[in-house]
Amino acid sequence: TVSMASYFKNQCGARYAREFAVASTSLANSQSLYDTLIQYNMIFFRGGDQWEYYNLFRNTLLLQAVKDIFASGGVVGGTSAGLHILSKVVYTARNGTVYPYECIENPNNQYVTLEDDFLDFFPGWVFDSHMAERGRFARLPGFMAHWKLNKGEEISGLGLDDLTCMFVDNNGLGTVYGTGAANIYLPLGDYRLNPSKLLADSVRVIQLLQGSTFDFETYAVTHQGLPLSLPLPPAYETSGYT
């Protein structure tokens, strides 16, 4: 795998960057690694398999370094699997990935594996990635329903498209950057199963484009005055309907 260090230096303006390959719990729990990581101002988890992150790094000094860097004003981020592990409720993918239709057919299927004992930066939230590109819009309600039905706690969901990110400042204000959308799912009603299929009274979906903000404390949304209509030519189906 090509290191991302050069990207952070050449494209993002980092003064210094280094990529660490931590492939075991013993290494993740080493004091020398902690002492090295704590010198950095930012930690970024790259994509891959979030189960490896969860399984190898939970309750280790590596994770403690991440928490200490964040507590001292540093930045913590990630993409794909690295995004999944940043929410309080984590989709661990312990049994492999789960597809949206499986979450609708049964949010309690064996592939919906959620835990809340990794990081606590975003309590009451679960994150997802590749939303539009992989048609994952139905996964987040499945995750939210699974948690409510099994843990009795209502949670919200944030899903990001590719080439899109959200930067959250120390006041909890998230700003969207990129070419896609940040998709926010807020529960408004009860989740039910019939017999295993997911039924939801109401789920509020907010899609934010570049420059829009979301306040994780108040849930307030701001937009950048985007036009409400686009000048598109008529689109037709094969049957001739407009």
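Nothing in this text is a laboratory measurement; each read-out follows from the coordinates by a stated rule. Keep in mind the model is a prediction, meaning the values are calculated, not measured. Here the Cβ is made from the backbone with ideal geometry for all residues, glycine too, and neighbour counts use every protein chain on show.
Rg over Rh for region 1-127 works out to 0.99, using Cα positions for both radii and the Kirkwood form for Rh.
Considering only Y34, N95, N10, and ranking their Cα positions along the charge dipole of region 1-120 that arises from unit charges at the beta-carbon of Lys, Arg, Asp and Glu, the one farthest toward the positive end is N10. Think of the chain as having a plus end and a minus end, set by charges on the Cβ of Lys, Arg, Asp and Glu; of H84, G172, N109, H84 sits farthest toward the positive end of this dipole. Charging the Cβ of each Asp and Glu at -1 and of each Lys and Arg at +1, and nothing else, the dipole of the chain about its Cα centre rounds to 280 debye.
The helix-only estimate of mean residue ellipticity at 222 nm for the chain, built from DSSP H runs of length n ≥ 4 each weighted as -39500 (n - 2.57), is -6500 deg cm²/dmol after division by the residue total. For region 103-170, the Cβ-based charge dipole about the Cα centre amounts to some 280 debye (Lys, Arg positive; Asp, Glu negative; other atoms uncharged). Take every DSSP beta bridge whose two residues both sit in the chain; close to 70 percent of them are antiparallel. The convex hull defined by the C-alpha atoms of the chain has an orientation-averaged projected area of 16.5 nm². The aspartates and glutamates whose alpha-carbon is closer than 12 Å to the alpha-carbon of K9, local same-chain residues fewer than 8 away aside, are E19. Of the peptides 86-94, 111-119, the ranking by mean beta-carbon count within 10 Å, highest at the top, reads 86-94, 111-119. Equivalent-ellipsoid semi-axes for region 49-114 (Cα gyration tensor, √(5λ), whole Å, largest first): 27, 12, 9. Where the centre of each part is set by its Cα atoms, how far does region 105-179 sit from region 201-226, in angstrom? Result: 15 Å between the Cα centres. Every Cα-Cα pair of region 14-57 was included, and the share exceeding 16 Å stands at 42 percent. Charging the Cβ of each Asp and Glu at -1 and of each Lys and Arg at +1, and nothing else, the dipole of region 54-177 about its Cα centre rounds to 160 debye. Normalising the Debye intensity of region 111-166 to I(0), with uniform scatterers on Cα atoms only, and taking log10 at q = 0.19, 0.21, 0.30 Å⁻¹ returns -0.70, -0.83, -1.28. Dividing the convex hull volume of the alpha-carbon atoms in region 70-164 by its residue count gives 91 Å³ per residue.
Helix 61-71 and the longest principal axis of the Cα set of the chain meet at an angle near 70°. A Gaussian network model of the chain, with springs between Cα atoms under 10 Å, assigns the largest mean-square fluctuation among C165, C103, C12 to C12.
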